[in-house]
């Protein structure tokens with residue numbers, strides 16, 4: 001009885017069909033970019049990483065920010081004329097800024113801004 | 001005497017490269033203990049961590065001209081001792097501020113960095129009007 005009533009009502013109620021949802025494939029809709037249940041979604045943007053690292057290098061006391069334009073491709077020892085100790089100091093400043101802990105072997109290889117940006121961007125714990 | 005037997009000294013570095021590596025290791029250890037130092041001695045209003053890092057780097061750079069690995073090891077031993085003293089609160093706030101924050105022009109006249117070319121008259125002249 002109730003079932004008959006229900007089917008009669010459903011026959012009269014019109015639900016508008018949103019055609020656009022059917023035309024675009026599911027993997028292109030907004031649902032793929034917002035993962036509401038994921039706990040791994042707060043990666044840093046590359047532009048954020050670049051800005052913060054450039055800030056660190058610019059506010060380094062031995063680097064003259066006005067004279068030389070600090071670009072994301074700059075090499076610490078060759079372009080900025082820094083020491084190897086200054087190199088280690090900049091890496092420590094980056095560690096403090098992004099709350100990371102960079103092991104010694106990796107820290108020895110980070111020689112320029114580009115490498116630092118790449119390392120921080122690919123690090124899962126950067127924040 | 002008993003304390004001297006407890007301290008373990010690592011073997012000497014074989015060459016300059018290893019001594020250099022040990023210096024960087026010490027520098028990293030010192031920088032990593034900076035937040036704890038600022039917490040212990042309450043230096044938040046006095047200095048920020050990057051200044052402390054620069055001070056530590058300057059102290060290391062004062063002895064950067066040394067080439068004998070054994071001498072470098074000795075200096076690192078003394079540096080580790082100083083760092084341990086600071087982190088275990090064996091020093092006090094005015095020691096830290098006087099030695100590492102105020103800087104060399106403030107309190108301590110450096111004997112090592114005497115610039116022989118500049119005369120004493122000029123140094124006083126640059127410092128102030130009345131001398």
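Observations on the structure shown:
- Given (1) away from every other protein chain (no Cβ under 14 Å); (2) surrounded by 11 or more Cβ atoms within 10 Å (Cβ to Cβ); (3) modelled with pLDDT of 90 or more, number of the condition residue B:78 does not satisfy: (2)
- Residue B:69 meets each of the listed conditions (1) within 15 Å of the chain's Cα centre (by Cα); (2) crowded, with 16+ Cβ neighbours inside 10 Å apart from (1).
- Of all residues in region A:1-18, none are under 28 Å from residue A:99 (Cα atoms), part of a helix (DSSP H, G or I) and modelled with pLDDT of 70 or more.
- Within region B:10-54, considering residues that are over 30 Å from residue B:69 (Cα atoms) and in a loop (DSSP other than H, G, I, E, B), the one nearest to the other protein chains (Cβ to nearest Cβ): B:48
- Annotation: of all residues in region A:90-104 being part of a helix (DSSP H, G or I) and over 14 Å from residue B:33 (Cα atoms), the one that is farthest from the other protein chains (Cβ to nearest Cβ) is A:98.
The values are calculated or read from the model by the stated rules, or taken from the named source; none is laboratory data. This one's a predicted model, so the numbers in the text were calculated from it and none came from an experiment. Positions of Cβ are backbone-derived with ideal geometry, glycine not excepted, and every protein chain shown enters the neighbour counts.
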